[in-house]
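*Asks:* Below is the structure I would like to discuss, written out as structure tokens.
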Amino acid sequence: MKRPVRLEQVCLKVSLPCVFLLVVHLAWGKRNDDVVVMKNGDTFTGEIKDLQHGELSFKSDYMKDSVHLDWKRVQSVRSKDMFIVVLSDGRRLSGTIQKATSMGKENDFTISWEQSAVEVPPADVIRIEQRELSVWNQLTGSVNYGLSFADGNSKTVNSSLGADVAFNTEKNSIRLSGSSQFDSQSDAQNTNRFTFDTQLGRALTTRWIATGLFSLLKSNQQNLNLRSTYGGGIGRRLIQTDRTALSVIGGMAFSHESYLPEPGTSPIRNNAEGLLGLTFNTFRFKTLNLNSQNFLLPSLNAPGRFRLSSQSNLRIELVRNFTWNFQVYENYDTRPPVNAPKNDLGLTTSVGWTF
């Protein structure tokens, strides 16, 4: 008799390929008559890509690669394209942008839409994103791959593959990510690990956000065939600058677990859980990016049991859009329902490409 196929198992099989299909879809160009003037008099005409971490990315048809301009040294900006502008107070505004420095005038950055306009100091502008007409063109993300081989008393092969893609509007955000790790040793059992995560967010105010979560985890290390987690809650942005962001989340979650069968135990478990989360992101030294995401899930129907899910990634830019990545992940369970290891800790290194 064939075992029924669960929805989560189907999702796990198709989710990672879907993420990669989204990643490999390159963005189409926009108009190229944006004008940027630097304080030393240099003038550029072309396409404004974005503003991140205090650097304005700009591309002209006579440039082989995009250039990164110091936002503090930009004298003026003019564009007829639509952009999404993120301010330090948490607001996300959409419109055309213009920066025209005037003597004694502090609010010289203008976001205009229809018959309205907002003027702010340039220092309050922490991010500028292109607003595309197509959903495909609005996507950002990365793909990375790592492979290592050791030939000694036991031959060891480690392989890791990961991808993420994000879509942001003035109010909403969606992020999909997936990963796969495979470890093979000649004198030991092979192990593998698959993950898929979805995060949805909607801004309620400049600081408060509503969040939805969905994740899948398969880990041989913890005898876990599949764990699906559904959750939601309210988050608050504690810090938001051009280089650092810190947010906290509180809410509820439900998980369905399927372990390898063991005599005298039930391999299928359902859990109601609390949800506490902390996300942190910082950018340093022009090429270094560190982001960390941590969730604590105390069980409500099994008091004393709690799970910790943590993932941190250090990304260093090697050349334009190509990076070296170092990732640490941990899944800890104080009381697994079967005789299995409490934690699943791993380190991966890889090279990647961002877009």
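The values are calculated or read from the model by the stated rules, or taken from the named source; none is laboratory data. Please read these numbers as outputs of a predicted model, since none were measured by experiment. Glycine also receives a Cβ, built like all others from the backbone with ideal geometry; neighbour counts cover every protein chain displayed.
*Asks:* If you check Lys64 against the conditions, is it outside any strand (DSSP E or B), free of Cβ contacts under 8 Å to residues at least 40 places away in the same chain and at negative phi?
*Replies:* So Lys64 passes the test.
*Asks:* List, please: which pairs have Cβ atoms under 7 Å, are six or more places apart or on different chains, and start with a residue in the range 270-292 that is over 15 Å from Thr241 (Cα atoms) and end with one that is modelled with pLDDT of 95 or more and loosely packed, with under 14 Cβ neighbours inside 10 Å?
*Replies:* Close Cβ pairs satisfying both conditions: Leu275/Gly250; Leu276/Gly250.
*Asks:* Considering each residue of the range 321-341, count those that are in contact (Cβ under 8 Å) with a residue 60 or more places away in the chain and either in contact with a helix residue (DSSP H, G or I) (Cβ under 9 Å, 6 or more places away or on another chain) or among the hydrophobic types (A, V, I, L, M, F, W, C) (or both), and give that number.
*Replies:* Within the range 321-341, residues that are in contact (Cβ under 8 Å) with a residue 60 or more places away in the chain and either in contact with a helix residue (DSSP H, G or I) (Cβ under 9 Å, 6 or more places away or on another chain) or among the hydrophobic types (A, V, I, L, M, F, W, C) (or both) number 6.
Each row is one residue, and each column tells you yes or no for (1) surrounded by 17 or more Cβ atoms within 10 Å (Cβ to Cβ); (2) among the charged types (D, E, K, R).
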| site | (1), (2) |
| --- | --- |
| Ser299 | yes, no |
| Asp333 | yes, yes |
| Pro336 | yes, no |
| Asn343 | no, no |
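*Asks:* Would you say Ala166 is in the same structural domain as Gln327 (by TED's automatic domain parsing), among the small types (Gly, Ala, Ser) and not in a strand (DSSP E or B)?
*Replies:* No, not satisfied.
*Asks:* How many residues does the range 233-286 hold that are within 21 Å of Val86 (Cα to Cα) and either of a type in the set (Asp, Glu) or not in a strand (DSSP E or B) (or both)?
*Replies:* Adding up the residues that qualify gives 4.
The rows are residues; the columns are (1) modelled with pLDDT under 90; (2) within 20 Å of Asn220 (Cβ to Cβ); (3) of a type in the set (Ser, Thr, Tyr).
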position: Gly274; (1), (2), (3): no, no, no
position: Ser292; (1), (2), (3): no, no, yes
position: Ser310; (1), (2), (3): no, yes, yes
position: Val319; (1), (2), (3): yes, no, no
position: Tyr329; (1), (2), (3): no, yes, yes
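*Asks:* On to the next question. Residues of the range 38-56 being in a strand (DSSP E or B) and either touching a residue at least 40 places away in the same chain (Cβ under 8 Å) or surrounded by fewer than 18 Cβ atoms within 10 Å (Cβ to Cβ) (or both), which ones?
*Replies:* Met38, Thr43, Thr45, Ile48, Lys49, Asp50, Leu51, Gln52, Glu55, Leu56
*Asks:* How many of the residues making up the range 298-351 are over 28 Å from Arg284 (Cβ atoms), part of a strand (DSSP E or B) and small (Gly, Ala, Ser)?
*Replies:* Counting residues in the range 298-351 that are over 28 Å from Arg284 (Cβ atoms), part of a strand (DSSP E or B) and small (Gly, Ala, Ser) gives 1.
*Asks:* Continuing with this model, one more query. Scanning for something charged (D, E, K, R), surrounded by fewer than 16 Cβ atoms within 10 Å (Cβ to Cβ) and modelled with pLDDT of 90 or more, does the range 185-202 turn up at least one residue?
*Replies:* yes
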